[in-house]
Structure formats: structure tokens, C-alpha cells
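Encoded as C-alpha cells, the structure appears first; notes follow it.
The values are calculated or read from the model by the stated rules, or taken from the named source; none is laboratory data. All values reported here derive from a predicted model rather than from experimental measurement. With ideal geometry, Cβ positions are generated from the backbone for all residues, glycine too; neighbour counts draw on all protein chains shown.
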Amino acid sequence: MESATTSHGVKKTYILIVLVNITYSVGDVMSATSVQFTVAAHIMAALGFRDGEELPSAMLAESVNADTTFVRKSLSKLSRASR
């Protein structure tokens, strides 16, 4: 649970819960494409939920249980795809 204060001085408390479970696996190993897609979907959901507020990549990485570098690369790919 987190709290934030808006620019109007209103304190908002919210719980961020994003469940994404999309797996295409071969045996016991999930494909790299599936992992990237799942992380990207989680990132977009979290950013949409935050509605324009800044969200550090470390917080995103923790919520998706991934390395911050992987999250930043995913953000870069999402940014390039939106052009």
C-alpha cells in the first residue's frame, strides 16, 4: 500500500495489484518473447494505474521480480514502439 499527495494537497492511498500471467513455455523454460511480453504488459498496466506519476524503474522491477536493466530495456522498446 502506498500514499501520495496530489498537487492540490489531496492525499491518495492506493494498492497496486497487477496480475499478468501469460505463459507460452517449452518444457520447463518460458520463452524470452513471453517473458518480455509479460513484463511489458505489467509495465504498461502499472504506468496506466499511476496516471502520469513518475514511477522508478527499480519499483517496477521489484513488482515484476526482474532486474532493473531488463525493465529499462523493456521501457525503451515500448517507447520506440509508440512512435
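Name, by its number, the condition in (1) farther than 25 Å from residue 5 by Cα; (2) at pLDDT 85 or above; (3) aliphatic (A, V, I, L, M) that does not hold for residue 81.
Result: residue 81 passes all but (2).
Being at pLDDT below 85, over 10 Å from the mean Cα position of the chain (by Cα) and assigned to a strand (DSSP E or B) narrows it down to one of 13, 23, so name that one.
On inspection, the qualifying residue turns out to be 13.
Determine which single condition residue 34 fails, assuming it passes every other condition in (1) touching a strand residue (DSSP E or B) at 6+ places or on another chain (Cβ under 8 Å); (2) assigned to a loop (DSSP other than H, G, I, E, B); (3) at pLDDT below 80.
(2) is the only condition that residue 34 fails.
What are the pairs, 6+ residues apart or on separate chains, where a residue within the range 34-49 that is over 28 Å from residue 12 (Cα atoms) has its Cβ under 7 Å from a residue that is among the hydroxyl-bearing types (Ser, Thr, Tyr)?
34/23; 34/24; 36/74
How many residues are on the phi > 0 side of the Ramachandran plot and aliphatic (A, V, I, L, M) when one looks only at the range 60-83?
Kept after step one, since they are on the phi > 0 side of the Ramachandran plot, are these residues of the range 60-83: 65.
Next, from what is left, pick out any that are aliphatic (A, V, I, L, M): none.
Looking only at that region, the number is 0.
Name the residues in the range 63-72 that are loosely packed, with under 14 Cβ neighbours inside 10 Å and within 15 Å of residue 41 (Cβ to Cβ), would you?
65
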